[in-house]
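Have a look at the structure below, then the notes.
The values are calculated or read from the model by the stated rules, or taken from the named source; none is laboratory data. All values reported here derive from a predicted model rather than from experimental measurement. Quick reminder, even Gly has a Cβ in these numbers, built from the backbone with ideal geometry, and neighbours come from all protein chains shown. Each accessible area value is taken on the protein alone, full model and side chains, heavy atoms only, with ligands, DNA and RNA left out. Shrake-Rupley method; radii C 1.70, N 1.55, O 1.52, S 1.80 Å.
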Amino acid sequence: MAQAGHRGDPHHEDFQLKDTNPLLGEQWPKGAAGPARPSGGGGGGLAGWLGVDKPSSTYDLVEQMFFLYVRVVKAKDLPPNPITGAAMDPYVEVRLGNYKGKTRHFDRRANPEWDQVFAFSKSRVQSNVLEVFLKDREMLARDDYVGKVTFDLAEVPTRVPPDSPLAPQWYRLEERRGEGGKVRGELMLAVWIGTQADEAFPEAWHSDAAVVRGEGVASVRSKAYVSPKLWYLRVNVIEAQDVQPQERGRAPEVFLKAQVGNQILKTSVSPAPTLNPRWNEDLVFVVAEPFEEQLVLTVEDRVSPRKDDLLGRVVLPLTLFEKRLDHRPFVQSRWFDLEKFGVGAAIEGETRRELRFASRVHVRACLEGAYHVMDESTMYISDTRPTARQLWKPPVGVLEVGILGAAGLQPMKTRDGRGTTDAYCVAKYGQKWVRTRTMIGTFAPTWNEQYTWEVFDPCTVITIAVFDNCHLGVNNGGNNGQPAAARDARIGKIRIRLSTLETDRVYTHAYPLIALQRSGVKKMGELRLAVRFTCLSLVNMVHLYTQPLLPRMHYLHPFTVTQLDALRYQAMGIVAARLGRAEPPLHREVVEYMLDVESHMWSMRRSKANFFRAVSLFSGFAAGARWFGDVCHWKNVATTALVHVLLLILVWYPELILPTVFLYMFLIGLWNYRRRPRHPPHMDTKMSWAEAVHPDELDEEFDTFPTSRPQDVVYMRYDRLRSVAGRIQTVVGDMATQGERLQSLLSWRDPRATCLFVIFCLLAAVVLYVTPFRIVALVAGLYVLRHPRFRSRLPSVPSNFFRRLPSRADSML
């Protein structure tokens with residue numbers, strides 16, 4: 001493998017991207033898809049494992065993996081139990097060498113139907129004979145043998161998608177005596193050789209996961225998920241009428257509380273005690289289809305800082321509100337009668353009393369379909385489409401990702417006294433999530449699964465992460481011997497920004513899986529991917545670069561930063577809850593890690609990293625300033641002479657200034673093209689300040705919120721934060737001082753300074769009016785570029801004058 005990153009520190013190179021050369025786009029096996037014949041016939045179907053005459057067109061970003069598929073459909077005419085005379089409890093056992101898989105059993109059924117698929121990996125085939133047994137389950141004794149069907153692998157045909165599925169056929173079950181034995185019923189089977197592109201692959205029982213039993217079987221299969229369709233629910237609370245307090249003769253201090261699920265928002269308390277309060281405030285919630293929650297509005301009276309009386313309540317289904325697809329200012333407002341609670345019902349949830357007053361509330365509510373509901377960090381956003389499908393633009397490209405495998409994974413738990421890892425991979429882009437199958441007990445899993453996404457905006461990010469499956473239901477399947485209900489452990493995560501990919505190019509790299517732990521940064525392994533971004537419409541893609549990143553409503557009626565953070569957190573919770581109810585579930589810890597739920601938490605390490613990012617950003621300007629300083633001080637006489645010539649040309653031909661600037665940037669772009677990045681960006685431990693971070697800063701980053709650390713540690717961290725904030729405070733104060741000095745030039749706070757500046761401005765206006773601009777520009781340029789012999793080491797007159805100006809710092813306490 002070749003290093004794709006910079007060479008230097010050997011430890012840092014361990015975290016670099018590596019080029020790989022997988023055998024992608026191999027050809028499919030030859031052989032027609034015909035029915036399998038029981039063993040004993042002729043033919044050379046085994047060559048189908050290695051045939052190379054039919055090319056692949058759909059799975060060309062993965063290495064081919066061949067499987068022997070066995071579909072057990074149903075049985076008929078099964079004999080009764082010889083002892084009880086009742087119908088047997090049948091199940092089927094498929095055996096290939098040391099691997100065997102079983103269907104579920106049925107109680108007392110002569111014609112059972114299973115329709116289950118078993119997949120045996122070619123790389124682990126230990127026999128040339130496939131045996132399919134039908135057995136009768138016994139509760140106390142050994143299961144009774146009923147009959148079997150045997151297949152010679154040399155006779156098994158191959159099937160190549162998009163060919164139609166292989167039609168199952170009836171096979172006679174024979175006793176152990178073999179050929180000529182008594183027929184014991186018939187079994188419908190389909191047996192073929194295929195690859196991971198087969199439609200049966202995701203739902204099949206895999207021999208690689210043969211140790212998994214019970215409910216854990218569902219958690220090892222590959223699955224695709226779709227995020228719930230999210231809407232913003234905007235509730236404009238206008239007013240309430242005839243609000244009656246619990247305490248008679250007292251004007252209530254009223255506010256309205258709105259609740260959807262676990263989201264609770266409140267209006268402000270009415271400015272003055274009144275029976276007809278008016279607010280006209282917007283409350284915004286995140287809701288998901290199908291709309292399972294209801295909007296609950298309660299009007300409450302602020303009796304004291306610690307006590308609120310419930311005055312009225314109304315429950316509204318979300319389907320009651322219209323869906324707004326544009327920025328129309330008017331949505332029909334409606335009055336809703338409140339269920340009024342009598343005296344004594346001061347707390348919500350007590351027994352409701354007789355309705356006494358016709359109190360009502362006036363609201364304007366709608367489901368906003370023209371916004372994009374953010375459920376992930378804006379820095380790593382993967383979708384920018386509005387909620388309403390009617391507003392979607394056509395896709396501009398297709399993203400294809402081949403998840404090949406991983407290498408060098410670390411043990412994440414113990415099983416039978418040994419460290420092991422049951423790894424699976426999750427990828428998220430847009431509303432589509434995919435999960436590979438779980439590879440049991442290996443540090444170098446091979447998935448070779450390919451997935452496709454439509455791309456509506458290239459300036460988006462796909463997130464791919466690797467986890468350890470702790471829900472298998474096998475012995476010691478939990479973390480360090482804990483029960484299997486433990487949380488799936490994070491192994492590592494990568495992000496790929498699509499705009500950094502060249503179109504129609506296949507990127508094959510091994511990405512380092514980097515985990516930041518309490519003990520420091522650690523490489524957990526490598527993830528091998530094949531990525532291709534295909535452009536469907538170059539014109540539409542170029543047009544996208546001129547459009548806003550988010551839908552129009554985000555700019556016409558924007559949310560505040562605080563609102564966006566709160567709504568994003570609520571959206572993450574809804575997505576995690578809905579995907580956790582799928583089968584198999586995508587657990588909350590997985591969804592939260594993929595969506596960067598904790599990205600807003602304070603981290604000294606991140607603060608340092610962002611500071612040095614800013615320093616690096618301005619380093620180019622600083623380098624330019626140093627170069628210009630060297631020119632002005634004649635460090636290189638030839639360079640300074642050329643700058644003088646350029647100054648003369650631009651002064652006498654000012655119309656060349658802008659063309660020269662743009663031509664210079666064009667030439668720089670051409671020069672940098674040959675040094676353009678050849679691989680996508682990846683996690684940079686050096687830029688993230690993860691390699692040199694102090695252990696206490698890491699411990700603080702992993703601390704809970706609120707903190708769970710001892711009091712002395714919290715005091716120490718608080719003092720450190722005060723020290724950092726003090727330096728930031730000083731810098732901000734210096735910036736404010738310079739700005740206030742600039743304002744004081746004409747504010748007459750220093751009457752002498754302002755008088756001098758005003759007189760200077762008058763003289764400058766006269767001189768500039770009578771002197772040609774070219775002469776002024778030439779003199780100014782020659783003055784700036786004057787020889788060091790004519791320079792003084794003391795500050796210049798304008799600098800001295802500016803520093804003497806007053807600021808408002810004198811008024812600070």
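Using only the Cα atoms of the chain, what semi-axes does the equivalent ellipsoid have when each is the square root of 5 times a gyration tensor eigenvalue? Give whole Å, largest first. Don't skip to the answer; put the middle values down first.
Working: eigenvalues 808, 369, 130 Å².
Working from the Cα gyration tensor, I get semi-axes of 64, 43, 25 Å.
Angle between the Cα long axis of helix 604-632 and the longest principal axis of the chain, 0 to 90 degrees, nearest 10?
The helix 604-632 is inclined about 50 degrees to the chain.
Please report, in cubic angstrom per residue, the volume enclosed by the convex hull of the alpha-carbon atoms of the stretch 76-177.
Details: hull volume 13.2 nm³, N = 102.
It comes to 130 Å³ per residue, whole-number rounded.
Given labels modelled 7 Å from the Cα in the Cβ direction, how far is it in nm from N262 to S811?
Taking the two extended label points, one gets 4.8 nm.
Taking the Cβ-Cβ separation of K523 and W652 as r and a Förster radius of 56 Å, what is the calculated FRET efficiency to the nearest 0.05?
Values: r = 60 Å, r/R0 = 1.08.
After rounding, the FRET efficiency stands at 0.40.
Mind giving me the FRET efficiency for V797 and T639? R0 is 25 Å, r the Cβ-Cβ distance, nearest 0.05 is fine.
Details: r = 28 Å, r/R0 = 1.11.
Given R0 = 25 Å and the Cβ-Cβ separation, E is 0.35.
What is the spin-label model distance, in nm, from A725 to E131 if the labels are put 7 Å beyond Cα along the C-beta direction?
For the pair A725/E131, the computed spacing is 7.4 nm.
Given a cut-off of under 8 Å on Cα pairs at least six residues apart, what relative contact order in percent is computed for the stretch 66-210? Numbers along the way, then the final one.
Numbers: 337 pairs, mean separation 45.9, N = 145.
Computed value for the stretch 66-210: 32 percent relative contact order.
Assuming R0 = 25 Å, can you tell me the calculated FRET efficiency for the pair M735 and R626, based on Cβ-Cβ distance, to the nearest 0.05?
Values: r = 22 Å, r/R0 = 0.89.
With a Förster radius of 25 Å, E is 0.65.
Report relative contact order for the chain in percent, whole number only (criteria: Cα-Cα under 8 Å, sequence separation at least 6).
Numbers: 1570 pairs, mean separation 80.6, N = 813.
For the chain, the relative contact order is 10 percent.
Need the full-extension length gain, D242 to R505, defined as separation in residues times 0.36 nm minus the C-alpha distance. One decimal, nm. Mind dumping the intermediate values first?
On the way: separation 263, 0.36 × 263 = 94.68 nm, distance 6.84 nm.
Taking D242 through R505 to full extension adds about 87.8 nm, to one decimal.
One quarter of the convex hull surface, Cα atoms only: what value does that give for the stretch 604-811 in nm²?
On the way: hull surface 79.1 nm².
For the stretch 604-811, averaging the hull's shadow over all directions gives 19.8 nm².
Residues with beta-carbon under 13 Å from that of V303, excluding V303: net charge, scoring Lys, Arg +1 and Asp, Glu -1? Mind dumping the intermediate values first?
Values: positive: R250, R302, R306, K307; negative: E247, E253, E300, D301, D308, D309.
In short, -2.
Compute the signed sum of charges (Lys and Arg +1, Asp and Glu -1) over the other residues within less than 13 Å, Cβ to Cβ, of S616. Could you put the intermediate results ahead of the total?
Numbers: positive: K608, R613, K686; negative: D684.
Here the charged neighbours net out to +2.
For helix 711-743, report the angle its Cα long axis makes with the longest principal axis of the Cα atoms of the chain; keep it between 0 and 90° and round to the nearest 10°.
Result, in degrees: 40.
So what does H787 come to for accessible area, using a 1.4 Å probe and Å² rounded to 10?
Counting only protein heavy atoms, H787 exposes about 70 Å² to solvent.
For a protection proxy built on the mean count of beta-carbon atoms within 10 angstrom, sort 801-810, 100-109 highest first, please. List each step's numbers first, then the result.
Numbers: 801-810: 13.8, 100-109: 15.5.
The densest-packed peptide leads the list: 100-109, 801-810.
Please list, in chain and number order, the residues 5+ apart from D488 or on another chain whose amide H is under 5 Å from its amide H, with Hs placed from the backbone.
C470
Work out, step by step, the length gained on full extension between Q563 and L782: first 0.36 nm times the residue separation, then minus their alpha carbon distance; give nm to one decimal.
Values: separation 219, 0.36 × 219 = 78.84 nm, distance 5.41 nm.
Taking Q563 through L782 to full extension adds about 73.4 nm, to one decimal.
For Y171, enumerate residues with amide H under 5 Å from its amide H, sequence gap 5+ or separate chain, H modeled in the peptide plane.
L187, M188, L189
For V226 paired with I759, estimate the spin-label separation in nm (one decimal), with each label point 7 Å from Cα along the Cα-to-Cβ line.
Reported label-point gap for V226 and I759 is 7.9 nm.
For T438, list long-range residues whose amide hydrogen, built 1.01 Å from N in the peptide plane, is under 5 Å from its own amide hydrogen.
Those lying under 5 Å, H to H, from T438 are R221.
Largest first, please: the extent of the C-alpha atoms of the stretch 509-602 along each principal axis, to the nearest Å.
46, 35, 34
Let me know the Kirkwood hydrodynamic radius for the stretch 557-602, please, with Cα pairs as the basis and the value in Å to one decimal.
On the way: mean 1/r = 0.0871 Å⁻¹.
Averaging 1/r across every pair of different Cα atoms and inverting gives 11.5 Å.
Which pairs in the list K74/K229; K100/K413; K18/K100; K122/K522 are over 30 Å apart, alpha-carbon to alpha-carbon?
Working: K74/K229 39 Å; K100/K413 26 Å; K18/K100 39 Å; K122/K522 35 Å.
Distance filter (> 30 Å) returns K74/K229; K18/K100; K122/K522.
In whole Å, what is the distance between the alpha-carbon centres of the stretch 762-813 and the stretch 198-244?
67
In deg cm²/dmol, rounded to 500, what helix-only [θ] at 222 nm does the chain give when every DSSP H run of at least 4 residues adds -39500 (n - 2.57) and the total is split over its residues?
Numbers: 13 runs with 182 residues, N = 813.
Rounded to the nearest 500, the figure is -7000 deg cm²/dmol.
Binning at 5 Å from 0, report for the stretch 595-683 what percent of all alpha-carbon pair distances ends up in each bin.
The distribution over the stretch 595-683 is 3, 10, 9, 14, 18, 13, 10, 9, 7, 4, 3, 1, given as percents.
Would you kindly derive the ³J(HN,Hα) couplings of the stretch 226-236 from the backbone phi angles with the Karplus curve 6.51 cos²θ - 1.76 cosθ + 1.60 (θ = phi - 60°), listing them in order in whole Hz, with x for Gly and Pro?
10, 4, x, 6, 9, 10, 8, 9, 9, 10, 8
Using 0.36 nm per residue, how much length does the chain from Q390 to A110 gain when fully extended, once their Cα-Cα distance is taken away?
95.5 nm
Which value results when the Cα radius of gyration for the stretch 691-738 is divided by 2.2 N^0.38 Å?
Details: Rg = 14.2 Å, N = 48, 2.2 N^0.38 = 9.6 Å.
So the Cα radius of gyration is 1.48 times the expected 2.2 N^0.38 Å.
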